[in-house]
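A short worksheet on the structure shown next.
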Amino acid sequence: MNMKSFWLVCSLLATMLTTAIAQDNGDQLIGLWEPSNGKARVKIEKIGSKYYGKIVWLREPNDPQTQQPKVDKNNPDESMRSVPLKGYRMLKDFVFKNGEWTDGTIYDPESGSTYSCVITVKDENTLDIRGYVGVKALGRTDVWKRVKLK
Amino acid sequence: MKALPFFLLSCALFFGACSSSEVLPFTTEEVSMLASGPLMEGSNTAQGDYQPALEKWLQSKGARMADVREAKLVKASLVLPDSMNSSLISEITLHLAAEKADMQKVGVLNPVPEGQTGLVLQTAQEQKKIADFLRQPTMTFVADINLKKDTMPDLHLKGIFEFQITLNR
C-alpha cells in the first residue's frame, strides 16, 4: 500500500468513526422520560433515522368526567378525537444534528396545539425540551428527567 | 360593458375545463409489520417499510410525478397472526413516516372489536401532503398497538393500504 492509499483508508475510517459516534450520541435520547409536571411518561424511540416520543403512562389515566381512559378530545381533527392519550405520539420527526435534536414538533394534548421543538441534553438523565412558535427565542423550556426502570 | 361578465364567465369555464382531474386508486401490496418483543401491556410500536415506486406506477397510467395533485389514505386494513385475535388489543393508531416527510396520523381503531383477526381502521378526515410520503423511495407504516396485557415475544402484522391519488389531467 502506498502513502496515498494509506491516507485514503485513514480518512475513510475517520469518517465512519465520526458517523458512528454521531449516531450513538443521537441515540442517547432513546428511553423513558418524565416532564417536570410528572403527569405523564414519554417513551422516545427511533423510527428510520428520526426520533419520536409517545405517552406510555399517565398519572391520571381516566377522564374524571367520563371515568373512561383519556382520549385526545382537543384534537382539531374531529375524526381523531377518539385516539387514546396513552400511546399518543406527542414528539415527532426529530433529527439529530450539531448536538441537538431539531426539526421536530411537540403536541400539547391539553390545548390541542402543536409547537416547533428543539431538544438538548443537559446531562445523560436530563433534557431541555423547548417548544416555540416561529422564533426559538420566544418559546418555553421544560426539563424532563429520565425514568430509570428498576 | 355588458359583454364583460360573459367574457369572464367564459374564461372561468374554459380554465376550469382545462384543469380537470382524475382520481385513481393506489393499493399497496401486503406490507409486513413487526412489533419486536417483549411486548408489554400498553402501547407497543409495529412498523413496516414499503417502497411505493410511485413513478413507475404513474408511468403505467400515462402520467408523471408532476401530475400528482394530492393523495389520501382511504382504507387501512390490518391482519393479525392466526395465533392472536383482537381481544388482546384495546386500540390501534396508524401513522405514516418517511425521512423527508413529517409523521402523520392517518387512522385509528378505538375500541378494537373483539375476537377478530382482520381489522379495518377509521381513516383521518384531515390528511395533509400524503403524496409526499408516496414520492419517497421508502415510507414506513407505523401502528401503535395498545395491548391489554403482556404477550408473545414478537407480533407480526400484515397491512394493506388503499390511497386515492388525484392527478391533474
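Bear in mind these aren't lab numbers, they're just calculated from the coordinates by the rules spelled out. Note that the structure is a prediction, hence the values are computed from the model and not measured. Neighbour counts run over all protein chains shown; Cβ positions are idealised from the backbone, glycine included.
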Point to revise | For A:70-80, mean number of other protein chain Cβ atoms within 10 Å | key: 3
Point to revise | Shielding score for A:85-91, defined as the mean number of other chain Cβ atoms within 10 Å | key: 5
Study note, to complete from the structure: Note on chain B: contact order normalised by length, alpha-carbon pairs under 8 Å, 6 or more apart, percent, works out to 42 percent
Check your understanding: Where does helix A:3-27 land angle-wise versus the long Cα axis of chain A, in degrees 0 to 90, nearest 10?
Key -> 10 degrees
Practice item. Enter the mean number of other protein chain beta carbons within 10 Å of the beta carbon of each residue in A:45-51, as an integer. Key: 4
Practice item. Could you sort B:21-27, B:131-137, B:78-84, B:145-151 so that the peptide with the highest average Cβ count within 10 Å comes first and the rest follow in order? Key: B:131-137, B:145-151, B:78-84, B:21-27
Check your understanding: Once the Cβ-Cβ distance between A:Glu60 and B:Glu29 is put in as r, and R0 is 51 Å, what FRET efficiency do you end up with, to the nearest 0.05?
Key -> 0.75
**Study point:** Dipole in debye (nearest 20) - the stretch A:3-146, about Cα centre, beta carbon charges: Lys, Arg +1; Asp, Glu -1
**Key:** 120 debye
Practice item. Can you tell me the relative contact order of chain A? Whole percent, Cα pairs under 8 Å, sequence separation 6 or more. Key: 17 percent
Practice item. Decide, for the stretch A:3-146, between rounded, prolate and oblate: order the square roots of the alpha carbon gyration tensor eigenvalues as a ≥ b ≥ c, take rounded if a/c falls under 1.5, and otherwise choose prolate if a/b is larger than b/c, else oblate. Key: prolate
Exercise for review: Using a cut-off of 12 Å between beta-carbons, work out the net charge of the residues near A:Tyr51 (Lys and Arg +1, Asp and Glu -1, A:Tyr51 not included).
Suggested key: +2
Exercise for review: Give, as a single signed number, the net charge of other residues whose beta carbon lies under 13 Å from the beta carbon of B:Asp144, with Lys and Arg counted +1 and Asp and Glu -1.
Suggested key: +3
Revision key, fill the gap. For the A:Gln28, B:Lys61 Cβ pair and Förster radius 41 Å, calculated FRET efficiency rounded to 0.05 is 0.35
